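> Before I ask anything, here is the structure I am working with.
The values are calculated or read from the model by the stated rules, or taken from the named source; none is laboratory data. No experiment lies behind these values; they were computed from the predicted model shown. Quick reminder, even Gly has a Cβ in these numbers, built from the backbone with ideal geometry, and neighbours come from all protein chains shown. Heads up: the accessible areas ignore ligands, DNA and RNA and are worked out on the full protein's heavy atoms, side chains in. Shrake-Rupley method; radii C 1.70, N 1.55, O 1.52, S 1.80 Å.
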Amino acid sequence: MHRSIATVSLSGTLRQKLEAVAAAGFDGIELFEADFINFKGTATELRRIVADLGLSIDLYQPFRDFEGMPEPQFRRSLERAERKFDLMEAMGAPMVLCCSNTSPLSVNDPALAAAQLHELAERAARRNLRVGFEALAWGRHTSLYGQAWNIVKQADHAHLGLILDSFHTLSLKDDPAGIVDIPGDKIFFLQMADAPLLAMDVLQWARHHRSFPGQGDFDVVGFFEKVLLAGYTGPLSLEIFNDIFRETPNRRTAVDAMRSLLYLESETRQRLASIDASPVQPRRVELFHPPAVPALSGLSFIEFAADEASAETLGALLRQLGFRRVGTHRSKAVTLYRQGDIHFIVNAQPDSFARGRFDAHGTSVCALGVRCADPLAAVGRATAMRSQRHDSPVGPNELRVPAVVAPGGNLIHFVPQALGANGLYEADFVLEEEEEGSENSNDAGLKHIDHVALGLALDQLDTWVLFTRAVLGLEAGESLELADPFGLIRSRGVANADRSLRLVLNVSLSQRTRTARTLSVTGGGAVHHIALDCEDIFDSVARLRANGTRFVPISDNYYDDLATRIDIAPELLARMRAAGVLFDRSPAGDYLHIYTESFEGGLFFEVAQRVGNYDAYGALNAPARMASQAQD
Ligand code: MG
Ligand code: MG
């Protein structure tokens, strides 16, 4: 498809926007009028810049408050249109977007609107330009695509067609099913936008909170599918008004934008394939077809980057957590710790990739190792979705484990499933002799990595949601807002279908929370805590305390309140109170968990036990932890 993006979707000057859009591989742009009005240059100069970048101007937008106006205003608007047509001819823009009228002067008369749009189209036709009419969700008399289509149909002019924008339809919960009945060649242009589900005024929602497809909660795939079934073959474009995108570096936004279109195309392609026997019109455009999403099955390892001193203290902490040092790397200053199926790698290599990317002080997670049936296919998927591949230097007899760079710079390695639980470590590490029958005396009964929580800068959340969906094939859960004593935290879980891989994306809406302060140390996009699961949390906590692990204390008031909210056996409540264990219940099951004190003021661990099919992260208890940490 011809892929396009509205210049309003990015930060920067017009020239910077165009360069970012071209670098991300777009074919064209929608020129947002304000970007041209404030551009230091003529329409002809703009035309040359755009052409030099290999782009086209697909749409000039918006032209407002036109249809349904009383005669004097209508005549003036025609004059205004002629001046815009002059510009469009000079810059080589073939189409103007006319959005439905919001003026209190406009009258509710579809026949008049049709006649006036016909006249506008007639004038456009004289210059071989086209007019697209779009229903704004807050249009005074025309807010639905069905109403706009009725007007376009009545106007009956070859140079007038319909512009569809998924935001306006989906925000009003209007049914897109009727789109398939509109002739594809009368749909002149398609704007796609996603958004989080918010209960707010639709104009404010539209102007500040739209997002790229795959970042929000709308059924954008269903919408796009209807447009294709109608027989549409025009540009696939993004028009995103978003406060955060206006300040995010535009190169990153442009890559997210391209990734969102590729994801939208590939998802829609799959959906259409499943209804190929349908009697409706067959596909007439080529949709992006990347390698399938990888089959992932849990985290094999987590790698920490540390300096020499931190590596020692982190090692001591891991031993308290029940881990045993089981090996050293064949060629690097790297140590392996193990408990149950959990592998932690501490990388104190002075020149490692990890250390290069992070501040050399302290400790942070630099890589995740995800078990995967077909690592090369997973990397193929990732690079098709515009992620960067990373190949680490490999020593003799060591395995090459392909990796991609996640947003923010951490690596995600795809560990071949075929290696089994320990194959990778047997190859790359000199394993210390484990004496026959000797038990790890510190073992705390921790079995797997339950989830990894990331602390993200505010402008990284949408990027991560799309990355985990498009590259890793994860499903996003609901978005929650949690109270830290110094601000709000937004939290969203993402997981694969069988829940063997879970990530939690946390963003601080305030600069003053602990989450935000952790970010300023690590630069954002950092692992914030690691949750490890066990089969008997009371037994594990007792062993961990005996090892010297310190947990975040929980107020007695929490347990008094818990008893009023949830029907819990008094004996269980007493055990939780004594152990400092937190509790959450969903219809599917229970979650018992506890947080350790943080290491070097940053990263901490969570110990968790899932009962039944509990599918969340105890987020409602995070305020108890945050308040406790604040009172230390
Ligand atoms: Mg629009
Ligand atoms: Mg957690």
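> Pull out all pairs, ordered by first then second residue, where Cβ-Cβ is under 8 Å, the residues are six or more apart or on different chains, the first lies in the range 594-608 and is among the charged types (D, E, K, R), and the second is at pLDDT below 85.
Glu600/Gly362; Glu600/Thr363
> Are there any pairs, at least 6 apart or on different chains, whose C-beta atoms fall under 6 Å, with the first in the range 184-198 and in contact (Cβ under 8 Å) with a residue 40 or more places away in the chain and the second of a type in the set (Phe, Trp, Tyr) and open to solvent by less than 10 Å² (accessible area, probe 1.4 Å), and if so, which?
Correct list of pairs: Gly184/Tyr232; Ile187/Tyr232; Ala193/Phe167.
> Go over the candidates Ala497, Ala453, Ala483 one by one and state the one that is open to solvent by 30 Å² or more (accessible area, probe 1.4 Å) and either farther than 25 Å from Leu573 by Cβ or within 16 Å of ligand 1 (Cβ to nearest atom) (or both).
Every option except Ala497 fails the conditions.
> How many residues does the range 479-506 hold that are at pLDDT below 90 and among the β-branched types (Val, Ile, Thr)?
So the answer is 1.
> Mind listing whichever residues of the range 1-49 are charged (D, E, K, R) and open to solvent by less than 60 Å² (accessible area, probe 1.4 Å)? Steps first, answer last, please.
The initial filter retains those residues of the range 1-49 that are charged (D, E, K, R), namely 3, 15, 17, 19, 27, 30, 33, 35, 40, 45, 47-48.
Hits for the range 1-49 are Arg3, Lys17, Asp27, Glu30, Glu33, Asp35.
> Just to verify a result, which residue in the range 135-161, among those that are hydrophobic (A, V, I, L, M, F, W, C) and under 18 Å from Thr102 (Cβ atoms), is nearest to ligand 2 (Cβ to nearest atom)?
Taking the candidates together, the pick is Ala137.
> Of the conditions (1) within 14 Å of ligand 2 (Cβ to nearest atom); (2) without any contact (Cβ under 8 Å) to a residue 24 or more places away in the chain, Glu475 clears all except one; give me its number.
Glu475 satisfies all of (1) within 14 Å of ligand 2 (Cβ to nearest atom); (2) without any contact (Cβ under 8 Å) to a residue 24 or more places away in the chain except (1).
> Please go through the range 50-67 and give me each residue that is surrounded by fewer than 17 Cβ atoms within 10 Å (Cβ to Cβ) and assigned to a helix (DSSP H, G or I), ordered by number.
Result: Ala51, Asp52.
> If a residue counts only when it is within 16 Å of ligand 2 (Cβ to nearest atom) and among the aliphatic types (A, V, I, L, M), which strands (runs of 3 or more DSSP E) contained entirely in the range 560-632 have at least 2 such residues? Break it down into steps so the answer makes sense when it comes.
On the way: elements: 582-586, 589-595, 604-612.
By residue number, 589-595, 604-612.
> Within the range 151-177, how many residues are aliphatic (A, V, I, L, M), in a strand (DSSP E or B) and within 13 Å of ligand 1 (Cβ to nearest atom)?
Going residue by residue through the range 151-177, those that are aliphatic (A, V, I, L, M) are 151-152, 155, 158, 160, 162-164, 170, 172, 177.
Right, trim to in a strand (DSSP E or B) and you get 160, 162-164.
Filter once more, keeping what is within 13 Å of ligand 1 (Cβ to nearest atom): 162-164.
Matching residues across the range 151-177 total 3.
> Over 23 Å from Ala93 (Cα atoms), assigned by TED's automatic domain parsing to the domain that holds Cys98 and in a loop (DSSP other than H, G, I, E, B) - does that describe any residue in the range 203-210?
Step one: of the range 203-210, the residues over 23 Å from Ala93 (Cα atoms) are 203-210.
After this cut, where a residue has to be assigned by TED's automatic domain parsing to the domain that holds Cys98 as well, the list is 203-210.
Add one more test, that the residue is in a loop (DSSP other than H, G, I, E, B), and what stays is 210.
Yes, because at least one residue in the range 203-210 is over 23 Å from Ala93 (Cα atoms), assigned by TED's automatic domain parsing to the domain that holds Cys98 and in a loop (DSSP other than H, G, I, E, B).
> Of the numbered conditions (1) under 26 Å from Asp462 (Cβ atoms); (2) surrounded by 17 or more Cβ atoms within 10 Å (Cβ to Cβ), Pro249 fails exactly one; give the number of that condition.
(2)
> Out of the residues in the range 133-183 that are farther than 24 Å from Val107 by Cβ and among the hydroxyl-bearing types (Ser, Thr, Tyr), which is farthest from the chain's Cα centre (by Cα)?
Only one residue tops the list, namely Thr169.
> Among all residue pairs at least 6 apart or on different chains, which show Cβ distances below 6 Å where the first residue, located in the range 225-248, is assigned to a helix (DSSP H, G or I) and the second is open to solvent by 10 Å² or more (accessible area, probe 1.4 Å) and among the hydrophobic types (A, V, I, L, M, F, W, C)?
Listed pairs, sorted by first residue: Lys226/Val180; Leu229/Val180; Leu229/Val280.
So that you can scan it fast, the table gives a plain yes or no per residue for (1) in a helix (DSSP H, G or I); (2) surrounded by 18 or more Cβ atoms within 10 Å (Cβ to Cβ); (3) within 14 Å of ligand 1 (Cβ to nearest atom); (4) in contact (Cβ under 8 Å) with a residue 12 or more places away in the chain:
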site	(1), (2), (3), (4)
Cys98	no, yes, yes, yes
Ala111	yes, no, no, yes
Leu120	yes, yes, no, yes
Val131	no, yes, no, yes
Trp149	yes, yes, no, yes
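> With respect to Ala273, determine if the residue is surrounded by fewer than 22 Cβ atoms within 10 Å (Cβ to Cβ), aliphatic (A, V, I, L, M), over 24 Å from the mean Cα position of the chain (by Cα) and part of a helix (DSSP H, G or I). First the steps, then the outcome.
Details: surrounded by fewer than 22 Cβ atoms within 10 Å (Cβ to Cβ): yes; aliphatic (A, V, I, L, M): yes; over 24 Å from the mean Cα position of the chain (by Cα): yes; part of a helix (DSSP H, G or I): yes.
Yes, satisfied.
> Assess whether Arg252 counts as being more than 16 Å from ligand 1 (Cβ to nearest atom), among the basic types (Lys, Arg), out of contact with any Cys (no Cβ under 9 Å at 6 or more places or on another chain) and not in a helix (DSSP H, G or I). I'd like the intermediate steps shown before the answer.
Details: more than 16 Å from ligand 1 (Cβ to nearest atom): yes; among the basic types (Lys, Arg): yes; out of contact with any Cys (no Cβ under 9 Å at 6 or more places or on another chain): yes; not in a helix (DSSP H, G or I): no.
Here the answer is no, as Arg252 does not meet what is asked.
> Still on this structure, please answer the following. State whether the residues of the range 255-262 include one that is out of contact with any helix residue (DSSP H, G or I) (no Cβ under 8 Å at 6 or more places or on another chain), open to solvent by less than 10 Å² (accessible area, probe 1.4 Å) and modelled with pLDDT of 95 or more.
Kept after step one, since they are out of contact with any helix residue (DSSP H, G or I) (no Cβ under 8 Å at 6 or more places or on another chain), are these residues of the range 255-262: 255, 258, 261.
Remaining after also requiring open to solvent by less than 10 Å² (accessible area, probe 1.4 Å): 258, 261.
Now drop any that are not modelled with pLDDT of 95 or more, which leaves 258, 261.
There is at least one residue in the range 255-262 that is out of contact with any helix residue (DSSP H, G or I) (no Cβ under 8 Å at 6 or more places or on another chain), open to solvent by less than 10 Å² (accessible area, probe 1.4 Å) and modelled with pLDDT of 95 or more.
> Only one of Ile187, Ile240 is farther than 23 Å from Gly408 by Cα, open to solvent by less than 10 Å² (accessible area, probe 1.4 Å) and either at pLDDT 95 or above or among the hydrophobic types (A, V, I, L, M, F, W, C) (or both). Can you tell me which? Before you say what the answer is, go through the steps one by one.
On the way: Ile240 fails: farther than 23 Å from Gly408 by Cα.
Testing whether each residue is farther than 23 Å from Gly408 by Cα, open to solvent by less than 10 Å² (accessible area, probe 1.4 Å) and either at pLDDT 95 or above or among the hydrophobic types (A, V, I, L, M, F, W, C) (or both) leaves just Ile187.
> Could you list all residues from the range 68-94 that are open to solvent by 10 Å² or more (accessible area, probe 1.4 Å) and either part of a loop (DSSP other than H, G, I, E, B) or within 20 Å of Val8 (Cβ to Cβ) (or both)?
Met69, Pro70, Lys84, Leu87, Gly92, Pro94
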